Structures are given as structure tokens and as C-alpha cells.
Amino acid sequence: MRALPAVAGRDGFDALVIRVDYDDDQAWQDLATELTQPWGDRLYEAHVHFIDDPAWARATVDEVLTAVRADEDLSVVFLADRTTLQTEGHPLIAVTTLTRDDCLDDEDYDHLTEFGRQFRTTPAGVHDVYANLSIGNLGFEEYAAAAHDEAEGIYRSF
């Protein structure tokens, strides 16, 4: 497994979005623009920390999780992969930073990851997921279950 650069300068209020595909700059720019738009019913300001560094090209989920592990306040990271950039609606991968060590036991971990360690979400969903996980309003497993229940496997909203 390769070592990735450290994530620096992220404010705790910022969702972390990492670009891992570098084949379509225009699609990335379109996604970044969409992610900076106000979101939700009350049009909340979008807070996003972007990692746009070719050193992260083709990074795997495990490589990303190893690289962001030092940020103890980060409960989810969002990846912009090839599918994100080539699919209408730009569904990003949401990945929990939860590990077995963070849980009471294996049963607890299995419950919290019943629908997997990752799911896809729309750009608007990034803000919803990040904000609610940050304040402990909802758990990752609830979003993963919602995505699992959708025909396309993409979390859109509750």
C-alpha cells in the first residue's frame, strides 16, 4: 500500500472530498461547482475541503482511510472516482472512517457496517450526510441503509 500525502488545513466543519480520478478535468470542475452550492431546505452554506492532487490518483478506499486516520474528528470521507465523474448526477463514494477498534466488539462493528463501509451519494447528499454525522444526529449505517434501499444504490435524501 502506498503512502498518500497528509490532509492539511481542513476545518472541522468542512466535508472532505478527495479526487481519485484524473481523466476528466471538466467533470471535476462541474462537480466542485455543484458541491459549493447552498444546500438543503434552508440553503445552508456549503463547507467543503477539496483534495485535488494527482498523488491521490487511483487511491483505494483503504489507502485513503490510512491517510486520513490521523483526523480523529472525521467520521466520513467522500471520494470522486471515475464513476462519480462519468455518471449523471455525479454520485460520490461516502466511506466511513469507523474501524473495529472504534467499536465495543465485533457484533457492534457488524451492526454499524451491516450495509457496508461505503455507499454512493449525490453532491447535495454529501452535505446532509456530513452535517448529520458531525453532530451525531444520524449514524453512517442509517445513510448506508437508505442507499441500499434505493434501486440505484445512491443516497439522495430522507
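The values are calculated or read from the model by the stated rules, or taken from the named source; none is laboratory data. A quick note: this is a predicted structure, and the numbers were derived from the prediction, not measured. When we count neighbours, we look across all protein chains shown, and the Cβ atoms used for this are built from the backbone with ideal geometry, even at glycine.
Of all residue pairs spaced 6 or more apart or on separate chains, those with beta-carbon atoms under 6 Å, a first member in segment 130-158 that is closer than 24 Å to E45 by Cα and in contact (Cβ under 8 Å) with a residue 60 or more places away in the chain and a second member that is part of a loop (DSSP other than H, G, I, E, B) and not β-branched (V, I, T) are I154/P91.
Can G153 be described as surrounded by fewer than 16 Cβ atoms within 10 Å (Cβ to Cβ), touching a strand residue (DSSP E or B) at 6+ places or on another chain (Cβ under 7 Å), of a type in the set (G, A, S) and under 27 Å from Q86 (Cα atoms)? So G153 passes the test. Quick check on this structure: which one of E152, E141 is over 15 Å from L16 (Cα atoms), over 13 Å from the mean Cα position of the chain (by Cα) and not in a loop (DSSP other than H, G, I, E, B)? That would be E141, the only listed residue that is over 15 Å from L16 (Cα atoms), over 13 Å from the mean Cα position of the chain (by Cα) and not in a loop (DSSP other than H, G, I, E, B). Here is the figure for segment 15-30: residues that are of a type in the set (D, E, K, R) and closer than 20 Å to V126 by Cα total 3. For segment 36-53, the criterion of being assigned to a helix (DSSP H, G or I), in contact with a strand residue (DSSP E or B) (Cβ under 9 Å, 6 or more places away or on another chain) and surrounded by fewer than 19 Cβ atoms within 10 Å (Cβ to Cβ) is met by none of the residues. For residues that are at pLDDT below 95 and more than 18 Å from A144 (Cα to Cα), scanning just segment 69-86, find the one that is surrounded by the fewest Cβ atoms within 10 Å (Cβ to Cβ). Across segment 69-86, the extreme among qualifying residues is E72. Considering (1) in a helix (DSSP H, G or I); (2) in contact with a Gly (Cβ under 7 Å, 6 or more places away or on another chain), the lone condition that D73 does not fulfil carries the number (1). Looking at the structure I just gave you, is E107 without any contact (Cβ under 8 Å) to a residue 12 or more places away in the chain and either over 30 Å from P38 (Cβ atoms) or surrounded by 16 or more Cβ atoms within 10 Å (Cβ to Cβ) (or both)? Considered against the rule, which asks whether it is without any contact (Cβ under 8 Å) to a residue 12 or more places away in the chain and either over 30 Å from P38 (Cβ atoms) or surrounded by 16 or more Cβ atoms within 10 Å (Cβ to Cβ) (or both), E107 comes out as yes. Taking segment 95-112, which residues are part of a loop (DSSP other than H, G, I, E, B) and either under 10 Å from the mean Cα position of the chain (by Cα) or within 20 Å of D71 (Cα to Cα) (or both)? Scanning segment 95-112 gives T97, L98, T99, C103.
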